[in-house]
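Report on the following structure.
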Amino acid sequence: NELGMGAVYQKVCQHVKFGELIGAAPEVQGVGRNSLSADDLVAASVSNWGGYGLAAAAALVRYSDESGRRNEAGGLRKDELEKLMQRCLPSIDEEADIITNIVKVAGCRDGVSGKQEATVDGLPLQTSLDRLADVMRLAMVATEN
């Protein structure tokens, strides 16, 4: 169902029930399924979670690029990474507000349940907020020696 999955379409068809239906976008205007791939595939159970990971990775790359900012002990400063994470990812409260408001104000529906409720892919909102917190925590730990 994701465009980039064309990179692994044959494997999805082989190993996933109904893979030929869900493995990649259908052929569109002469562009075949196998052409709908990505250079770097980000697979995630919930696309929001993949987005969190990608945003955290962007913060980590920027943090690494700015490696000249070192504290007295010679390590990279954690406060710099925290600032980058805050710029790249929503806070837990911001994400809760976003999901709640797109349902309440814009009338959006859950992509799996079809219900007008503050859930993400059929899962409770708290599950996504927990994954966001996990990504933030893991990104902070990733820079420890």
Taking a label point 7 Å from the Cα of Phe18 along the Cα→Cβ vector, which residues of segment 106-125 have an amide N closer than 18 Å to it? 110-115, 121-123
Multiply the residue gap between Asp121 and Gln86 by 0.36 nm, knock off their C-alpha separation, and tell me the result in nm, one decimal place. 10.1 nm
Give me the Kirkwood hydrodynamic radius of segment 80-145, using the inverse of the mean 1/r over all pairs of distinct Cα atoms, in Å to one decimal. 13.0
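Every number here is computed from the coordinates shown, using simple stated rules; none is lab data. Please read these numbers as outputs of a predicted model, since none were measured by experiment. Note: ideal-geometry Cβ built from the backbone for every residue, glycine included; neighbour counts use all protein chains shown.
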